[in-house]
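Before I ask anything, let me first share the structure, which is written out below as structure tokens.
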Amino acid sequence: TLPVTTGAWYSWCNAGWTATPGTHKIEWDFNYDNSVKEIDTSNDTAIATFTTTGADFAVTRAYLRTAAGSGTEVPSPSVGQTVYPTMSWTVSGVSGSVTVAQRAILDGSLYCSFTLSVNNGGWTSWCGTAWVATAGSHTLEWDVNYDHAIAETNSNNNSATATFTSTGVDLIATR
């Protein structure tokens, strides 16, 4: 409660607030307990709605290529073929450059992980170590900002998965 006189006044909270992703509403209620008799109480509330902005990392797809950072995309490698796990992703809402953790998981095991300094735009990342395709069905998953080191407006788009089956000749011995 503050003593006031006629005129314009500014009010604020003495404690800070850490903005979280999403849409928020702030409401100021003056004379909420009706301790001051007024002729018009309809103007005692001020409401503002706002949406926080901020970083968003979105993995658009996971795939394989014949070379690190280049080469031809390989949807289903042949058994014994050398390929590089690769992902396409975007960065938006950052100011300047940020360092983002990334990892590739192949068949449920960590295949590679690293950090990369990026700014807003489209990006392609890949593992520097090739994988030699083995027989069977495989799953490649890419994750960015998996350590949640950077606050995001949407962390539900930080992963992409690709499933593929290696092709090749299957020799069967018979008598």
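I'm told Ala151 meets every condition in (1) open to solvent by less than 30 Å² (accessible area, probe 1.4 Å); (2) over 26 Å from Pro75 (Cα atoms); (3) aliphatic (A, V, I, L, M) except one. Can you identify the failing condition by its number?
(1)
Say we look at segment 126-148 and pick out the residues that are under 15 Å from the mean Cα position of the chain (by Cα) and assigned to a loop (DSSP other than H, G, I, E, B); which of these is surrounded by the most Cβ atoms within 10 Å (Cβ to Cβ)?
Asn145
Next up: For segment 15-45, what are the residues that are among the acidic types (Asp, Glu) and closer than 30 Å to Glu152 by Cβ? Write out each step before concluding.
Start the filter on segment 15-45 by keeping residues that are among the acidic types (Asp, Glu), which leaves 27, 29, 33, 38, 40, 44.
Residue satisfying the conditions is Glu27 alone.
Looking for something modelled with pLDDT under 95, open to solvent by less than 60 Å² (accessible area, probe 1.4 Å) and more than 16 Å from Thr60 (Cα to Cα) - is there at least one such residue anywhere in segment 94-110?
yes
Going by the conditions given, is Asn158 closer than 30 Å to Thr23 by Cα, surrounded by fewer than 17 Cβ atoms within 10 Å (Cβ to Cβ) and under 14 Å from the mean Cα position of the chain (by Cα)?
Details: closer than 30 Å to Thr23 by Cα: yes; surrounded by fewer than 17 Cβ atoms within 10 Å (Cβ to Cβ): no; under 14 Å from the mean Cα position of the chain (by Cα): yes.
Against the criterion (closer than 30 Å to Thr23 by Cα, surrounded by fewer than 17 Cβ atoms within 10 Å (Cβ to Cβ) and under 14 Å from the mean Cα position of the chain (by Cα)), Asn158 does not qualify.
Something else: How about segment 33-86: which of its residues are more than 27 Å from the chain's Cα centre (by Cα), touching a residue at least 40 places away in the same chain (Cβ under 8 Å) and part of a loop (DSSP other than H, G, I, E, B)?
Of everything in segment 33-86, those that are more than 27 Å from the chain's Cα centre (by Cα), touching a residue at least 40 places away in the same chain (Cβ under 8 Å) and part of a loop (DSSP other than H, G, I, E, B) turn out to be Ser76, Pro77, Val79, Gly80, Gln81.
Filter segment 38-59 for residues that are open to solvent by less than 90 Å² (accessible area, probe 1.4 Å) and closer than 29 Å to Thr124 by Cβ and give the result.
Within segment 38-59, Thr52, Gly54, Ala55, Asp56, Phe57, Ala58, Val59 meet the criteria.
The values are calculated or read from the model by the stated rules, or taken from the named source; none is laboratory data. None of these values were measured; they are calculated from a predicted model. Please note: Cβ atoms are built from the backbone with ideal geometry, for glycine as well, and neighbour counts cover all protein chains shown. What goes into the accessible areas is simple: the full protein's heavy atoms, side chains included, and nothing from ligands, DNA or RNA. Shrake-Rupley method; radii C 1.70, N 1.55, O 1.52, S 1.80 Å.
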